[in-house]
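**Student:** My questions all concern the structure below.
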(Lines give C-alpha, C1' and ligand atoms only; values in the text may rest on other atoms or scores of the structure.)
Protein backbone atom coordinates (compact mmCIF):
# COMPACT_ATOMS: atom_id res chain seq x y z
CA UNK A 1 0.00 0.00 0.00
CA UNK A 2 1.19 3.54 -0.72
CA UNK A 3 0.90 4.60 2.91
CA UNK A 4 3.15 1.76 4.05
CA UNK A 5 5.62 2.56 1.29
CA UNK A 6 5.71 6.15 2.49
CA UNK A 7 6.66 5.12 6.01
CA UNK A 8 9.22 2.50 5.02
CA UNK A 9 10.75 3.52 1.68
CA UNK A 10 10.99 6.24 -0.90
CA UNK A 11 8.04 7.14 -3.10
CA UNK A 12 8.37 7.90 -6.77
CA UNK A 13 7.05 11.48 -6.98
CA UNK A 14 6.19 13.43 -10.12
CA UNK A 15 6.49 17.17 -9.45
CA UNK A 16 5.24 19.84 -11.84
CA UNK A 17 7.32 23.00 -11.32
CA UNK A 18 6.86 25.32 -14.30
CA UNK A 19 9.17 27.76 -12.46
CA UNK A 20 12.13 26.20 -10.64
CA UNK A 21 15.47 27.89 -10.00
CA UNK A 22 17.68 28.41 -6.93
CA UNK A 23 18.24 32.08 -7.75
CA UNK A 24 14.80 32.97 -9.13
CA UNK A 25 13.79 33.45 -12.74
CA UNK A 26 13.14 36.88 -14.19
CA UNK A 27 10.98 35.39 -16.93
CA UNK A 28 8.95 32.95 -14.84
CA UNK A 29 8.83 34.81 -11.52
CA UNK A 30 11.55 34.98 -8.88
CA UNK A 31 9.36 33.92 -5.97
CA UNK A 32 7.73 31.04 -7.86
CA UNK A 33 11.09 29.76 -9.10
CA UNK A 34 12.69 29.78 -5.65
CA UNK A 35 9.59 28.05 -4.25
CA UNK A 36 9.82 25.34 -6.92
CA UNK A 37 13.50 24.74 -6.25
CA UNK A 38 13.10 24.47 -2.49
CA UNK A 39 10.03 22.22 -2.56
CA UNK A 40 11.85 19.90 -4.96
CA UNK A 41 14.89 19.96 -2.71
CA UNK A 42 12.80 18.99 0.30
CA UNK A 43 10.95 16.23 -1.57
CA UNK A 44 14.32 14.79 -2.62
CA UNK A 45 15.32 14.38 1.03
CA UNK A 46 12.73 11.63 1.36
CA UNK A 47 11.68 10.48 -2.11
CA UNK A 48 12.74 9.88 -5.70
CA UNK A 49 11.54 12.90 -7.72
CA UNK A 50 11.00 13.56 -11.41
CA UNK A 51 10.43 17.26 -12.12
CA UNK A 52 8.61 18.71 -15.13
CA UNK A 53 9.85 22.25 -15.73
CA UNK A 54 10.40 24.97 -18.32
CA UNK A 55 13.67 25.16 -20.33
CA UNK A 56 14.28 28.70 -19.07
CA UNK A 57 15.19 27.12 -15.74
CA UNK A 58 17.74 24.71 -17.18
CA UNK A 59 20.97 26.71 -16.94
CA UNK A 60 20.42 27.69 -13.29
CA UNK A 61 19.32 24.17 -12.33
CA UNK A 62 22.31 22.49 -13.93
CA UNK A 63 24.70 24.86 -12.16
CA UNK A 64 23.26 23.84 -8.78
CA UNK A 65 21.80 20.38 -9.35
CA UNK A 66 24.53 18.70 -7.32
CA UNK A 67 23.02 20.28 -4.20
CA UNK A 68 19.83 18.28 -4.77
CA UNK A 69 21.55 14.91 -4.56
CA UNK A 70 21.01 11.86 -6.78
CA UNK A 71 17.25 11.48 -6.25
CA UNK A 72 16.07 14.19 -8.69
CA UNK A 73 15.69 14.10 -12.46
CA UNK A 74 14.48 17.05 -14.55
CA UNK A 75 12.41 16.92 -17.72
CA UNK A 76 12.52 20.18 -19.72
CA UNK A 77 9.97 21.15 -22.35
CA UNK A 78 8.23 24.22 -23.74
CA UNK A 79 4.64 24.88 -24.78
CA UNK A 80 3.83 24.37 -28.47
CA UNK A 81 5.64 26.86 -30.71
CA UNK A 82 2.37 28.37 -31.96
CA UNK A 83 1.55 29.87 -28.53
CA UNK A 84 5.00 31.06 -27.43
CA UNK A 85 4.29 34.62 -28.55
CA UNK A 86 2.02 34.88 -25.47
CA UNK A 87 5.12 35.10 -23.26
CA UNK A 88 5.55 38.76 -24.24
CA UNK A 89 2.73 40.25 -22.15
CA UNK A 90 1.90 40.01 -18.46
CA UNK A 91 -1.73 38.93 -18.78
CA UNK A 92 -1.14 36.70 -21.82
CA UNK A 93 1.70 34.99 -20.01
CA UNK A 94 -0.84 33.34 -17.68
CA UNK A 95 -2.55 31.87 -20.75
CA UNK A 96 0.82 30.62 -21.94
CA UNK A 97 1.46 28.99 -18.53
CA UNK A 98 -1.97 27.35 -18.71
CA UNK A 99 -1.23 25.90 -22.15
CA UNK A 100 2.13 24.64 -20.89
CA UNK A 101 0.16 22.65 -18.29
CA UNK A 102 -1.74 20.94 -21.15
CA UNK A 103 1.55 19.85 -22.72
CA UNK A 104 2.76 18.74 -19.28
CA UNK A 105 -0.06 16.20 -19.05
CA UNK A 106 1.02 14.37 -22.19
CA UNK A 107 4.64 14.32 -21.00
CA UNK A 108 3.53 13.02 -17.60
CA UNK A 109 1.32 10.33 -19.15
CA UNK A 110 4.24 9.02 -21.19
CA UNK A 111 6.58 8.96 -18.17
CA UNK A 112 3.94 7.24 -16.03
CA UNK A 113 3.51 4.49 -18.62
CA UNK A 114 7.27 3.92 -18.74
CA UNK A 115 7.56 3.71 -14.96
CA UNK A 116 4.54 4.47 -12.73
CA UNK A 117 4.53 7.23 -10.11
CA UNK A 118 3.19 6.89 -6.56
CA UNK A 119 2.04 10.51 -6.25
CA UNK A 120 1.81 13.69 -8.31
CA UNK A 121 2.54 17.12 -6.76
CA UNK A 122 1.61 20.31 -8.62
CA UNK A 123 4.11 22.76 -7.08
CA UNK A 124 4.37 26.11 -8.86
CA UNK A 125 1.73 28.18 -10.64
CA UNK A 126 -0.74 26.51 -8.29
CA UNK A 127 -3.02 29.55 -7.93
CA UNK A 128 -6.59 28.69 -7.00
CA UNK A 129 -7.77 29.22 -10.57
CA UNK A 130 -5.03 27.42 -12.57
CA UNK A 131 -6.07 23.99 -13.84
CA UNK A 132 -3.66 21.10 -13.54
CA UNK A 133 -4.35 18.63 -16.32
CA UNK A 134 -2.04 16.12 -14.67
CA UNK A 135 -3.86 16.46 -11.36
CA UNK A 136 -7.21 16.07 -13.09
CA UNK A 137 -6.36 13.13 -15.35
CA UNK A 138 -3.29 11.16 -14.26
CA UNK A 139 -4.50 8.15 -12.21
CA UNK A 140 -2.28 8.66 -9.16
CA UNK A 141 -2.88 10.46 -5.81
CA UNK A 142 -2.60 14.22 -6.24
CA UNK A 143 -1.22 16.95 -3.91
CA UNK A 144 -1.62 20.58 -4.95
CA UNK A 145 0.25 23.68 -3.88
CA UNK A 146 1.15 25.74 -2.04
CA UNK A 147 -0.66 28.49 -3.88
CA UNK A 148 -2.84 31.55 -3.46
CA UNK A 149 -4.86 33.56 -5.94
CA UNK A 150 -7.87 34.79 -3.99
CA UNK A 151 -6.15 37.93 -2.67
CA UNK A 152 -7.34 41.15 -4.27
CA UNK A 153 -6.71 44.88 -3.95
CA UNK A 154 -9.12 46.41 -1.41
CA UNK A 155 -11.75 48.44 -3.25
CA UNK A 156 -10.84 51.69 -1.49
CA UNK A 157 -7.34 51.57 -3.02
CA UNK A 158 -8.30 50.97 -6.64
CA UNK A 159 -8.81 54.70 -7.22
CA UNK A 160 -5.08 55.23 -6.64
CA UNK A 161 -4.24 53.07 -9.65
CA UNK A 162 -3.90 54.39 -13.16
CA UNK A 163 -6.80 53.59 -15.48
CA UNK A 164 -5.00 50.74 -17.23
CA UNK A 165 -4.10 49.20 -13.86
CA UNK A 166 -7.70 49.44 -12.65
CA UNK A 167 -8.81 47.74 -15.86
CA UNK A 168 -6.20 45.03 -15.34
CA UNK A 169 -7.46 44.39 -11.78
CA UNK A 170 -11.03 44.02 -13.05
CA UNK A 171 -9.92 41.71 -15.86
CA UNK A 172 -7.96 39.62 -13.35
CA UNK A 173 -11.04 39.25 -11.14
CA UNK A 174 -13.22 38.28 -14.11
CA UNK A 175 -10.72 35.73 -15.38
CA UNK A 176 -10.47 34.09 -11.96
CA UNK A 177 -14.23 33.52 -12.03
CA UNK A 178 -14.05 32.03 -15.53
CA UNK A 179 -11.06 29.80 -14.84
CA UNK A 180 -12.50 28.48 -11.58
CA UNK A 181 -15.34 27.12 -13.74
CA UNK A 182 -12.89 25.23 -15.93
CA UNK A 183 -14.01 21.55 -15.76
CA UNK A 184 -10.40 20.38 -15.54
CA UNK A 185 -9.75 22.73 -12.61
CA UNK A 186 -12.86 21.42 -10.80
CA UNK A 187 -11.95 17.81 -11.49
CA UNK A 188 -8.43 18.38 -10.18
CA UNK A 189 -9.75 19.98 -7.00
CA UNK A 190 -12.06 16.99 -6.49
CA UNK A 191 -9.22 14.51 -7.00
CA UNK A 192 -6.67 16.32 -4.82
CA UNK A 193 -5.85 14.52 -1.58
CA UNK A 194 -4.37 17.69 -0.09
CA UNK A 195 -4.63 21.37 -1.13
CA UNK A 196 -1.94 23.65 0.29
CA UNK A 197 -2.81 27.37 0.42
CA UNK A 198 -0.58 30.26 1.40
CA UNK A 199 -2.94 32.89 2.82
CA UNK A 200 -6.23 33.25 4.63
CA UNK A 201 -8.05 34.82 1.66
CA UNK A 202 -7.37 31.75 -0.46
CA UNK A 203 -8.47 29.42 2.34
CA UNK A 204 -11.72 31.32 2.80
CA UNK A 205 -12.38 31.27 -0.97
CA UNK A 206 -12.33 27.47 -1.13
CA UNK A 207 -15.76 25.80 -1.24
CA UNK A 208 -16.52 23.85 1.95
CA UNK A 209 -16.22 20.52 0.14
CA UNK A 210 -12.56 21.27 -0.65
CA UNK A 211 -11.63 23.27 2.44
CA UNK A 212 -11.71 20.18 4.68
CA UNK A 213 -8.68 18.77 2.84
CA UNK A 214 -6.82 22.10 2.70
CA UNK A 215 -4.11 23.40 5.00
CA UNK A 216 -2.00 26.53 5.30
CA UNK A 217 1.51 26.11 3.90
CA UNK A 218 3.81 29.05 3.09
CA UNK A 219 5.23 29.64 -0.36
CA UNK A 220 8.28 31.24 1.21
CA UNK A 221 11.14 30.07 3.37
CA UNK A 222 14.74 30.60 4.42
CA UNK A 223 17.84 28.45 4.59
CA UNK A 224 20.50 27.97 7.24
CA UNK A 225 22.75 30.20 5.13
CA UNK A 226 20.15 32.99 5.26
CA UNK A 227 20.13 32.71 9.06
CA UNK A 228 23.90 32.38 9.50
CA UNK A 229 24.79 36.07 9.36
CA UNK A 230 24.29 38.57 12.14
CA UNK A 231 23.05 42.12 11.78
CA UNK A 232 25.74 44.60 10.71
CA UNK A 233 26.30 47.99 12.28
CA UNK A 234 25.78 51.23 10.41
CA UNK A 235 28.77 53.20 9.30
CA UNK A 236 26.75 56.25 10.34
CA UNK A 237 25.00 55.45 13.62
CA UNK A 238 22.97 58.66 13.39
CA UNK A 239 21.06 57.44 10.31
CA UNK A 240 17.72 55.63 10.62
CA UNK A 241 17.63 53.25 7.68
CA UNK A 242 14.33 52.07 6.20
CA UNK A 243 14.48 49.37 3.53
CA UNK A 244 11.92 48.10 1.01
CA UNK A 245 12.21 45.74 -1.94
CA UNK A 246 10.24 43.97 -4.64
CA UNK A 247 9.25 44.23 -8.27
CA UNK A 248 7.96 47.73 -9.02
CA UNK A 249 4.37 46.86 -9.97
CA UNK A 250 1.21 48.88 -9.34
CA UNK A 251 -0.17 46.52 -6.69
CA UNK A 252 3.09 46.31 -4.73
CA UNK A 253 2.24 49.56 -2.94
CA UNK A 254 5.54 51.40 -3.27
CA UNK A 255 3.59 54.65 -3.57
CA UNK A 256 2.35 54.00 -0.02
CA UNK A 257 5.91 53.32 1.10
CA UNK A 258 7.21 56.61 -0.36
CA UNK A 259 4.31 58.72 0.92
CA UNK A 260 4.46 57.33 4.46
CA UNK A 261 8.24 57.59 4.63
CA UNK A 262 8.10 61.19 3.34
CA UNK A 263 5.66 62.10 6.13
CA UNK A 264 7.91 60.46 8.72
CA UNK A 265 11.14 61.95 7.30
CA UNK A 266 9.73 65.49 7.45
CA UNK A 267 10.31 65.31 11.22
CA UNK A 268 13.49 63.24 11.11
CA UNK A 269 16.15 64.54 8.71
CA UNK A 270 18.48 61.65 9.63
CA UNK A 271 16.19 59.05 8.05
CA UNK A 272 16.71 57.47 4.65
CA UNK A 273 14.80 54.97 2.51
CA UNK A 274 16.33 52.48 0.07
CA UNK A 275 14.09 50.65 -2.44
CA UNK A 276 15.60 47.62 -4.22
CA UNK A 277 13.72 46.54 -7.32
CA UNK A 278 12.84 47.35 -10.89
CA UNK A 279 9.70 47.36 -12.98
CA UNK A 280 7.20 49.45 -14.94
CA UNK A 281 6.29 51.66 -11.96
CA UNK A 282 9.82 53.09 -11.66
CA UNK A 283 9.19 56.36 -13.58
CA UNK A 284 6.03 57.10 -11.59
CA UNK A 285 7.73 56.36 -8.28
CA UNK A 286 10.73 58.49 -9.22
CA UNK A 287 8.34 61.36 -9.99
CA UNK A 288 6.60 60.83 -6.64
CA UNK A 289 9.93 61.15 -4.81
CA UNK A 290 10.53 64.42 -6.64
CA UNK A 291 7.00 65.64 -5.85
CA UNK A 292 7.58 65.14 -2.11
CA UNK A 293 11.03 66.70 -2.24
CA UNK A 294 12.87 63.71 -0.73
CA UNK A 295 15.37 63.01 -3.51
CA UNK A 296 18.22 63.27 -0.99
CA UNK A 297 16.53 60.75 1.35
CA UNK A 298 15.15 58.08 -1.03
CA UNK A 299 17.49 55.88 -3.05
CA UNK A 300 16.45 53.40 -5.75
CA UNK A 301 18.81 50.43 -5.98
CA UNK A 302 17.04 48.95 -9.05
CA UNK A 303 17.54 45.17 -9.39
CA UNK A 304 19.94 43.44 -6.96
CA UNK A 305 20.85 39.75 -6.56
CA UNK A 306 19.02 38.07 -3.67
CA UNK A 307 22.09 37.79 -1.45
CA UNK A 308 22.86 41.48 -1.94
CA UNK A 309 19.28 42.36 -0.95
CA UNK A 310 19.65 40.30 2.22
CA UNK A 311 22.98 42.01 2.94
CA UNK A 312 21.30 45.44 2.65
CA UNK A 313 18.57 44.27 5.01
CA UNK A 314 21.12 43.36 7.67
CA UNK A 315 22.43 46.92 7.61
CA UNK A 316 18.94 48.48 7.97
CA UNK A 317 16.64 49.25 10.91
CA UNK A 318 13.14 48.55 9.57
CA UNK A 319 11.59 46.77 6.59
CA UNK A 320 8.63 48.74 5.17
CA UNK A 321 6.28 46.92 2.79
CA UNK A 322 3.08 48.23 1.22
CA UNK A 323 1.87 45.42 -1.04
CA UNK A 324 -1.91 45.42 -1.47
CA UNK A 325 -2.44 41.81 -2.62
CA UNK A 326 0.68 39.75 -2.01
CA UNK A 327 -0.07 36.04 -2.14
CA UNK A 328 3.11 34.99 -0.37
CA UNK A 329 5.66 37.70 0.26
CA UNK A 330 9.08 35.99 0.27
CA UNK A 331 10.80 39.31 0.84
CA UNK A 332 8.99 39.71 4.17
CA UNK A 333 10.23 36.33 5.43
CA UNK A 334 13.76 37.22 4.29
CA UNK A 335 13.58 40.52 6.19
CA UNK A 336 12.47 38.64 9.31
CA UNK A 337 15.39 36.23 8.91
CA UNK A 338 17.69 39.26 8.75
CA UNK A 339 16.37 40.36 12.13
CA UNK A 340 14.32 43.32 10.93
CA UNK A 341 10.99 44.39 12.40
CA UNK A 342 8.46 44.55 9.55
CA UNK A 343 5.82 47.20 8.89
CA UNK A 344 3.26 45.89 6.39
CA UNK A 345 -0.44 45.78 5.62
CA UNK A 346 -2.68 43.29 7.40
CA UNK A 347 -3.42 41.53 4.11
CA UNK A 348 -2.69 38.18 2.46
CA UNK A 349 0.70 36.48 2.89
CA UNK A 350 2.55 39.16 4.88
CA UNK A 351 -0.29 39.23 7.44
CA UNK A 352 0.38 35.54 8.18
CA UNK A 353 4.16 35.91 8.26
CA UNK A 354 4.27 38.86 10.65
CA UNK A 355 2.93 37.45 13.89
CA UNK A 356 2.41 39.57 16.99
CA UNK A 357 5.73 40.80 18.29
CA UNK A 358 7.54 40.54 14.92
CA UNK A 359 6.46 43.88 13.52
CA UNK A 360 3.49 46.19 13.03
CA UNK A 361 0.56 45.31 10.74
CA UNK A 362 -1.56 48.15 9.37
CA UNK A 363 -5.29 47.77 8.67
CA UNK A 364 -6.06 48.67 5.05
CA UNK A 365 -9.17 50.84 5.33
CA UNK A 366 -8.37 53.99 3.33
CA UNK A 367 -5.31 55.24 1.48
CA UNK A 368 -4.78 58.25 3.76
CA UNK A 369 -5.29 56.13 6.88
CA UNK A 370 -2.61 53.66 5.73
CA UNK A 371 -0.13 56.45 4.96
CA UNK A 372 -0.72 57.99 8.39
CA UNK A 373 -0.52 54.66 10.22
CA UNK A 374 2.63 53.57 8.41
CA UNK A 375 4.32 56.87 9.25
CA UNK A 376 3.21 56.43 12.88
CA UNK A 377 4.65 52.90 12.93
CA UNK A 378 8.00 54.23 11.69
CA UNK A 379 7.86 56.89 14.40
CA UNK A 380 7.18 54.27 17.04
CA UNK A 381 10.12 52.13 15.96
CA UNK A 382 12.41 55.15 15.56
CA UNK A 383 11.75 56.39 19.08
CA UNK A 384 11.81 52.88 20.57
CA UNK A 385 15.19 51.26 19.89
CA UNK A 386 14.48 48.56 22.48
CA UNK A 387 11.14 47.78 20.80
CA UNK A 388 12.97 47.63 17.47
CA UNK A 389 15.54 45.21 18.87
CA UNK A 390 12.90 43.02 20.53
CA UNK A 391 10.73 42.82 17.40
CA UNK A 392 13.75 42.05 15.23
CA UNK A 393 14.76 39.22 17.57
CA UNK A 394 11.25 37.76 17.54
CA UNK A 395 11.04 38.08 13.76
CA UNK A 396 14.30 36.19 13.30
CA UNK A 397 13.18 33.50 15.77
CA UNK A 398 9.89 33.03 13.90
CA UNK A 399 11.72 32.80 10.55
CA UNK A 400 13.93 30.05 11.93
CA UNK A 401 11.21 28.09 13.72
CA UNK A 402 8.43 28.33 11.12
CA UNK A 403 9.98 29.16 7.75
CA UNK A 404 13.21 27.19 7.62
CA UNK A 405 12.93 25.04 4.51
CA UNK A 406 14.03 21.88 6.36
CA UNK A 407 11.17 22.29 8.82
CA UNK A 408 8.78 22.81 5.94
CA UNK A 409 10.10 19.66 4.26
CA UNK A 410 9.36 17.64 7.38
CA UNK A 411 5.89 19.12 7.51
CA UNK A 412 5.40 18.23 3.85
CA UNK A 413 6.35 14.63 4.65
CA UNK A 414 3.64 14.62 7.32
CA UNK A 415 1.10 16.03 4.85
CA UNK A 416 1.97 13.25 2.41
CA UNK A 417 1.46 10.66 5.14
CA UNK A 418 -2.01 12.00 5.88
CA UNK A 419 -3.01 12.61 2.27
CA UNK A 420 -1.91 9.20 1.04
CA UNK A 421 -3.35 7.20 3.91
CA UNK A 422 -6.52 5.68 2.47
CA UNK A 423 -8.16 5.75 5.90
CA UNK A 424 -7.76 9.52 6.36
CA UNK A 425 -7.75 10.93 2.81
CA UNK A 426 -10.88 12.76 1.72
CA UNK A 427 -13.40 10.49 0.02
CA UNK A 428 -13.85 12.26 -3.30
CA UNK A 429 -12.78 9.42 -5.61
CA UNK A 430 -16.27 8.26 -6.66
CA UNK A 431 -17.50 11.79 -7.32
CA UNK A 432 -14.30 12.68 -9.20
CA UNK A 433 -14.45 9.54 -11.37
CA UNK A 434 -18.07 10.27 -12.32
CA UNK A 435 -17.07 13.81 -13.25
CA UNK A 436 -14.10 12.53 -15.27
CA UNK A 437 -16.40 10.38 -17.40
CA UNK A 438 -18.43 13.48 -18.27
CA UNK A 439 -15.30 15.42 -19.22
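**Student:** For region 327-366, give me each residue that is over 17 Å from residue 393 (Cβ atoms) and assigned to a helix (DSSP H, G or I).
**Tutor:** Matches in region 327-366: 330, 331, 348, 349, 350, 351, 352.
**Student:** Still on this structure, I have one more. Is it true that residue 79 is more than 18 Å from the chain's Cα centre (by Cα), in the same structural domain as residue 144 (by TED's automatic domain parsing), crowded, with 19+ Cβ neighbours inside 10 Å and not in a helix (DSSP H, G or I)?
**Tutor:** yes
**Student:** Residue 138: surrounded by fewer than 18 Cβ atoms within 10 Å (Cβ to Cβ), touching a helix residue (DSSP H, G or I) at 6+ places or on another chain (Cβ under 8 Å) and in the same structural domain as residue 417 (by TED's automatic domain parsing), yes or no?
**Tutor:** no
**Student:** Quick test for you: out of 164, 200, 191, pick the one residue that is under 25 Å from residue 20 (Cβ atoms) and outside the structural domain of residue 398 (by TED's automatic domain parsing).
**Tutor:** Being under 25 Å from residue 20 (Cβ atoms) and outside the structural domain of residue 398 (by TED's automatic domain parsing) holds for just one of 164, 200, 191, which is 191.
**Student:** Could you please let me know if residue 162 is within 22 Å of residue 367 (Cα to Cα) and surrounded by fewer than 18 Cβ atoms within 10 Å (Cβ to Cβ)?
**Tutor:** So residue 162 fits the description; yes.
**Student:** Out of region 367-387, which residues are at pLDDT below 95 and either closer than 27 Å to residue 198 by Cα or part of a strand (DSSP E or B) (or both)?
**Tutor:** 367, the sole residue that qualifies.
**Student:** Using the structure shown, decide if residue 43 is closer than 30 Å to residue 203 by Cα and modelled with pLDDT of 95 or more.
**Tutor:** yes
**Student:** Might you let me know whether region 232-240 holds any residue that is under 30 Å from residue 130 (Cβ atoms), touching a helix residue (DSSP H, G or I) at 6+ places or on another chain (Cβ under 8 Å) and assigned by TED's automatic domain parsing to the domain that holds residue 290?
**Tutor:** No, that holds for no residue.
**Student:** Moving on to the next point. Could you list, in sequence order, the residues of region 105-123 that are surrounded by fewer than 22 Cβ atoms within 10 Å (Cβ to Cβ), in a loop (DSSP other than H, G, I, E, B) and either free of Cβ contacts under 8 Å to residues at least 24 places away in the same chain or out of contact with any helix residue (DSSP H, G or I) (no Cβ under 7 Å at 6 or more places or on another chain) (or both)?
**Tutor:** Selection gives 115, 116.
**Student:** Tell me, yes or no, whether region 394-405 has at least one residue that is under 20 Å from residue 261 (Cα atoms), in contact with a strand residue (DSSP E or B) (Cβ under 7 Å, 6 or more places away or on another chain) and outside the structural domain of residue 154 (by TED's automatic domain parsing).
**Tutor:** No, because not a single residue in region 394-405 is under 20 Å from residue 261 (Cα atoms), in contact with a strand residue (DSSP E or B) (Cβ under 7 Å, 6 or more places away or on another chain) and outside the structural domain of residue 154 (by TED's automatic domain parsing).
One line per residue, one yes/no per condition, for (1) closer than 18 Å to residue 243 by Cα; (2) touching a residue at least 40 places away in the same chain (Cβ under 8 Å); (3) over 12 Å from the mean Cα position of the chain (by Cα):
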{"position": "323", "(1), (2), (3)": "yes, yes, yes"}
{"position": "329", "(1), (2), (3)": "yes, yes, no"}
{"position": "332", "(1), (2), (3)": "yes, yes, no"}
{"position": "336", "(1), (2), (3)": "yes, yes, yes"}
{"position": "340", "(1), (2), (3)": "yes, yes, yes"}
{"position": "344", "(1), (2), (3)": "yes, no, yes"}
{"position": "348", "(1), (2), (3)": "no, yes, no"}
{"position": "351", "(1), (2), (3)": "no, yes, yes"}
{"position": "358", "(1), (2), (3)": "yes, yes, yes"}
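**Student:** A further question on this structure: Is it the case that some residue within region 278-298 is on the phi > 0 side of the Ramachandran plot and more than 24 Å from the chain's Cα centre (by Cα)?
**Tutor:** Yes, region 278-298 contains a residue that is on the phi > 0 side of the Ramachandran plot and more than 24 Å from the chain's Cα centre (by Cα).
**Student:** Then there's this: If you go through region 37-71, how many residues are part of a loop (DSSP other than H, G, I, E, B) and within 19 Å of the chain's Cα centre (by Cα)?
**Tutor:** 1
**Student:** If residue 130 passes every condition in (1) touching a strand residue (DSSP E or B) at 6+ places or on another chain (Cβ under 8 Å); (2) assigned to a loop (DSSP other than H, G, I, E, B); (3) more than 25 Å from residue 31 (Cβ to Cβ) but one, which one does it miss?
**Tutor:** (3)
The values are calculated or read from the model by the stated rules, or taken from the named source; none is laboratory data. Predicted model only: the values in this text are computed from it and were never measured. Glycine also receives a Cβ, built like all others from the backbone with ideal geometry; neighbour counts cover every protein chain displayed.
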